[in-house]
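Just below is one structure, and these are the notes that go with it.
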Amino acid sequence: MNAVKQFVRNPMGVVGAGMLLVVILIALLAPWLAPYDPQVRVQVTPDDILAPPDAEHLLGRDDAGKDVLSQLIYGARVSLIVGFTASFMSMFIGTTVGLVAGFYGGRVGNWLMRLVDFLMVIPDLPLMLVIIAVTGRGLTNIILVIGLLGWTYTARLVRSQVLSVKERQFVLRARSLGASAPRIILRHIFPQVVPLVIAQAVLDISVAILAESSLAFLGLGDPTLISWGMMLNFAFERAISRQAWWFLLPPGLAIVWVSLSLILIGNTLDQIVNPRLRTHHLFDARRMVALAVGVPPLAKADGAGE
Amino acid sequence: MQRRDYLIRKIFFAFITLIVVAFFNFLLFRILPGDPVRLIIHSPRMTREAQERIRTNFGLDKPVWFDGERLHEGDVIGAFDSQFTAYVRNLLRGDLGISFAHRQDVSTLLAERAWRTVVLLLGGDLLAVVLGMTAGLIGAWRRGTRLDLAILLWGLFSWALPTFFLGIILLILARGRLPVGGMVTAGLKPEAGLTYWLDVGKHLILPTITLAVVYTGEYILIMRSSAMEVLSEDYILTAKAKGLSTFRILRDHALKNAMLPMVTMIALTLGYTVGGAIQVETVFSWPGLGRLMYEAVQKRDYPVLQGSFLLLAISVIAANLLADLLYSALDPRVKAE
């Protein structure tokens, strides 16, 4: 409960949550909100192509004469689906690997961490590009690739937390009472890891959304769905010379909106579960603004970093 | 002794990583459904001779890994005359096949393009490191002030900003004032000397700024938190007690000590940096590796995709190794590890 209170008191977190809620609602209510069905073929005259916004089409039309606003609304679905599922996958794999590597250590742990090092070195986007180009650009493939490549940071985070937790009193006590290893992991260590993992998972959602939009912008989006990245790809390829801002700007701003909301939430959660130094030797309390930076208004300015 | 062990371990790891990448490349392009090599062979756009050359080059008439029967008969060398060994042989000779779209050796194509991406990345990353470290240090020093809040928000915002979108915005804004596509104005030849290079420099401005702005966020966040830690160390208090000016404390103590983790961070984020270059090159038609990959995706030019990925992976692995070696040279504590 304390964590919830802390979150609600943080303006950044509240703003982020509000922004995310808007996107979730839009995605859920897409069929009712969208003025047109973007999947339906339309009869167009040459004047309709890249027509600027008017009363009927609030964000104008694209290069095929379709309503941009409707595409934008449906695009929220792809972003959220990819973001949440890929991040969930990463969270699951990363937590498992981190728990095993941290708790058991030894040769298995060592090998797992080498695998993490390996995946961290390989450039992500080129690898995703190559895999999707070869295996096909269906939504499932995109989610799998992003999810399977995105767990390394979580694994490191969990492992280091496990390493510090496993030497603490309550774990040693449970051990000396004869608790089995799986029981110790699940009952005593796992709960200590969860808050960190959740904060990281929220940030991972935005990473996954950005990865999907980059892939789609580079021409590797699911061709049966409308996503913001793909809209930008079309806009960039076909509308940039006509300066059709109504087609170029909205999908990009939508990506920024949703990923910024997640980053604001994730950053706030991270501050709560992973409190860091709030003061230092050159700290000047008189200049402080209480807003958002995570400094409680009454922080003592002369402490040696708490 | 320990330091040598550390270096050997790092080099060994880089070497293994390379082998795994090469192996993965073979698997991905040969075993998975779709089988691009066969696709190329059956493309009507290939001439007969080209098809023949690919067939012998890839050893398509041979088994994928090894010939079980011949191995059974004791013909070990003959049994391993396979697609895999052909791949390894070609790789060692630097033969990456022929581009489907450019009808040119992939290795020649890559060699021609690679330095352009390097120039772009170096410029963008360097600018981002300098800006990010300065802003991060100031944020940490002015902890909790409006300035810090602005710096933090900028860090978070640029993290949320897709590289390609920023590129598109800058492209729209700068149109007419700065060159927005390609590497050099059409018709200008390298023989023109200084004029040519100045023109190339002008074409570099927008892509470099885009990269720098996007990367800065990451460095700000890292620098801000590591400088914060350094500033709460006891030697900062000592320096303050000695009466050193704030500027000197920041420059001589905080910056220097917060620099080391940055070296590792710059190397570690290089893989991500490369991804940004692909996007920027696509937006500004900068004819480097990234643009090459984008076009290869559009045209299903698999040999080029495979080759560029391999080259990028090798470069990032090498750069990481270099950073590790540099780090161990800079930080005396590594010896003790």
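Within the set of other residues whose C-beta is less than 11 Å from the C-beta of residue A:146, count the net charge using Lys and Arg as +1 and Asp and Glu as -1. After counting each charged neighbour, the total is -3. Taking the 1.4 Å solvent-accessible surface of the stretch B:158-244 as the whole, the part contributed by carbon and sulfur is 65%.
Could you tell me what fraction of 2.2 N^0.38 Å the Cα radius of gyration of the stretch A:59-107 comes to, as a two-decimal ratio?
So the Cα radius of gyration is 2.09 times the expected 2.2 N^0.38 Å.
Over the C-alpha trace of the stretch A:172-275, radius of gyration and Dmax come out as 21.4, 74 angstrom.
Over chain A, what is the relative contact order in whole percent, taking alpha-carbon pairs under 8 Å and six or more residues apart? After rounding, I find 25 percent.
Using a Gaussian network model of chain B in which every pair of alpha carbons under 10 angstrom is joined by a spring, one finds that among B:140, B:192, B:319 the greatest mean-square fluctuation is at B:192. Rounded to the nearest 100, the interface formed by chains A and B buries 5600 square angstrom of accessible surface, both chains summed, with a 1.4 Å probe. Computed on the Cα atoms alone, the convex hull of the stretch B:183-337 gives a volume of 174 cubic angstrom per residue. Dipole of chain A computed with +1 at Lys/Arg Cβ and -1 at Asp/Glu Cβ about the Cα centre; of A:180, A:97, A:139, farthest Cα towards the positive end is A:180. Legend: helices of chain A (whole DSSP H runs) are marked when their alpha-carbon atoms reach 27 angstrom or more along the helix axis and their mean Kyte-Doolittle hydropathy is at least 1.0; marked are A:68-104, A:190-217, A:245-273.
Computed over neighbours whose Cβ is under 14 Å from that of residue A:104, the net charge equals +4, Lys and Arg +1, Asp and Glu -1.
Among the chymotrypsin sites (Phe, Trp or Tyr not before Pro) in the stretch B:57-125, those placed in a DSSP loop whose Cβ has at most 16 other Cβ atoms within 10 Å are B:65, B:80. The magnitude of the dipole of the stretch B:111-336, with charges of +1 and -1 set on the Cβ of Lys/Arg and Asp/Glu and taken from the Cα centre, is near 480 debye. With the convex hull drawn around the C-alpha atoms of the protein assembly as shown, the volume per residue stands at 228 Å³.
Counting only complete DSSP H runs, which helices of chain B cover 18 Å or more along their long axis at the Cα atoms and score a mean Kyte-Doolittle of 0.5 or above? Spell out each step's value before the answer.
Working: long enough: B:2-30 (42 Å, 1.05); B:106-141 (50 Å, 1.33); B:146-160 (21 Å, 1.26); B:194-231 (48 Å, 0.92); B:256-268 (19 Å, 1.22); B:270-283 (20 Å, 0.84); B:302-330 (42 Å, 1.58).
Those that clear 18 Å and a mean of 0.5 are B:2-30, B:106-141, B:146-160, B:194-231, B:256-268, B:270-283, B:302-330.
Can you give me the C-alpha center-to-center distance between the stretch B:143-180 and the stretch A:7-63, rounded to a whole angstrom? The distance from the Cα centre of the stretch B:143-180 to that of the stretch A:7-63 comes to 24 Å.
Each Lys and Arg Cβ is given +1 and each Asp and Glu Cβ -1; about its Cα centre, the protein assembly as shown then shows a dipole of about 1860 debye. For chain B, a Gaussian network of Cα nodes joined below 10 Å ranks B:307, B:182, B:290 by mean-square fluctuation, and the top entry is B:182.
Projecting the Cα positions of A:200, A:263, A:244 onto the charge dipole of chain A (unit charges on Cβ atoms of Lys, Arg, Asp and Glu, taken about the Cα centre) puts A:200 furthest along the positive direction.
Using +1 on the beta carbon of Lys and Arg, -1 on that of Asp and Glu, and nothing else charged, what's the dipole of chain A about the Cα centre, debye to 20?
Numbers: 24 positive and 19 negative charges, 364 e Å.
That gives a dipole near 1740 debye.
Rolling a 1.4 angstrom probe over chain A with all protein chains present gives an accessible area of which 64% lies on carbon and sulfur atoms.
Comparing Cα centroids, the stretch B:302-328 and the stretch A:84-152 end up 19 angstrom apart. Rg and Dmax, both from the Cα atoms of chain B and both in Å, are 24.9, 84. Applying the Kirkwood pairwise sum to the alpha-carbon positions of the stretch B:206-266 produces a hydrodynamic radius of 12.8 angstrom. Percent of Cα-Cα pairs per 10 Å bin, from 0 to the last occupied bin, for the stretch B:129-215, please list those. Final binned percentages: 16, 33, 27, 17, 7, 1. Once you divide the Cα radius of gyration of the stretch A:66-194 by 2.2 N^0.38 Å, the number left is 1.36.
Size of chain A from its Cα atoms: along the principal axes, largest to smallest, the extents are 78, 53, 35 Å.
Other residues with beta-carbon under 13 Å from the beta-carbon of residue B:272 carry, at +1 per Lys or Arg and -1 per Asp or Glu, a net charge of -3. Rg over Rh for the stretch A:23-141 works out to 1.20, both radii taken from alpha-carbon positions and Rh defined as the Kirkwood radius.
Would you mind working out the accessible area per residue for the stretch B:111-336, using a 1.4 Å probe, and quoting it in Å²?
Spelled out: the 1.4 Å probe surface of the stretch B:111-336, per residue, equals 41 Å².
Within 10 Å of the Cβ of each residue in B:229-237, the mean number of Cβ atoms contributed by other protein chains is 5. Per residue of the protein assembly as shown, the DSSP helices (runs of n ≥ 4 H) give a summed -39500 (n - 2.57) that works out to -22500 deg cm²/dmol at 222 nm. With the simple model of a label 7 Å out from the Cα in the direction of the Cβ, residue A:45 to residue B:48 spans 5.5 nm.
The values are calculated or read from the model by the stated rules, or taken from the named source; none is laboratory data. Everything numeric here is computed off the predicted structure, so don't read it as measured data. Heads up, the Cβs are rebuilt from the backbone with ideal geometry, glycines too, and the neighbour counts pull from every protein chain shown. Accessible surface areas use protein heavy atoms only, side chains included; no ligands, DNA or RNA. Shrake-Rupley method; radii C 1.70, N 1.55, O 1.52, S 1.80 Å.
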